[in-house]
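The values are calculated or read from the model by the stated rules, or taken from the named source; none is laboratory data. Just so it is clear, the structure is predicted and the values come from calculations on it, not from any experiment. Backbone-built Cβ (ideal geometry, glycine too); neighbour counts: all protein chains shown.
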Amino acid sequence: MKGTSTRVHTRYQVIGRTLVISLGSRRRVLSSAPQGGGFSSASYIINHQVESRPGSNGRFPDPARYLRKLASQLRVTTDTIGLMTAVSMTQLVMARASVERLWVECFATVGVTNAVRAGDWPLRHVHRMETLIPGTINLIIVTNGSLSGAAMVGAVQVATEAKTGVLRDRGVPTWNGESGATGTGTDAVVIACRLRGMGPSHVYSGTHTIMGTLVGRVVADCVTRGLAKAKVWQELHQ
């Protein structure tokens, strides 16, 4: 098995403040995206940068509607999954891992200014949240494998484990300086795979499987490099 590469084969472009990923054909998708979330199918995925000023989120009372309108403006309205982030697309990182005929790619934007530890009380009730600049970790994972429903959920699990492992290894603190951040309060993940019968079939994708290994590698690589870019951004804006 080869290591990860920073070059991906999935077609994409950055248009203004929006990453547009073309899946080439209809794919099965599982995501926590504000637009098209849950189990669905899609031909495009977009990750849009919104304003990072405190309080600017109030401009998006209906993120799904905003993203659908944006997709229409970008002319990618057919079955589009939509994400939002305050992270600039200049900080986009990508990774690819493959073995034999199977490959997995990851597109990520990483921000950790509102990092939390799973189980912490929601930040919306904390006054200091009003002064924070939003940050989020958006992970978009694309594979030529054909995953069962259970395997798609398993891929989300492995991606989350890999992300959290990197945050812990790098000692990323929560927004209030406590140790042990596991993610941010606004993280999102997308898993896109081939339709049944259109790619290598995978019933499971846990950490004991090749699929799980590839997912873990590309996510860890992206989050590691994304954190480095986020650190530079924070140093420049302090």
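Could you tell me whether the range 179-192 includes any residue that is touching a residue at least 60 places away in the same chain (Cβ under 8 Å), out of contact with any strand residue (DSSP E or B) (no Cβ under 7 Å at 6 or more places or on another chain) and not in a loop (DSSP other than H, G, I, E, B)? Looking through the range 179-192, none of the residues is touching a residue at least 60 places away in the same chain (Cβ under 8 Å), out of contact with any strand residue (DSSP E or B) (no Cβ under 7 Å at 6 or more places or on another chain) and not in a loop (DSSP other than H, G, I, E, B).
Residues in the range 68-94 that are surrounded by fewer than 16 Cβ atoms within 10 Å (Cβ to Cβ) and touching a residue at least 60 places away in the same chain (Cβ under 8 Å): Ser88 alone.
Restricting attention to the range 173-195, the residues that are within 18 Å of the chain's Cα centre (by Cα) and of a type outside the set (Asp, Glu) add up to 12. Tallying residues that are of a type in the set (S, T, N, Q) and surrounded by fewer than 19 Cβ atoms within 10 Å (Cβ to Cβ) within the range 5-51 yields 8.
For the range 102-145, filtering for residues that are of a type outside the set (D, E, K, R) and modelled with pLDDT under 85 leaves 12. Residues in the range 198-238 that are under 13 Å from Leu102 (Cα atoms), in contact with a Leu (Cβ under 8 Å, 6 or more places away or on another chain) and assigned to a helix (DSSP H, G or I): Ile210, Met211, Leu214.
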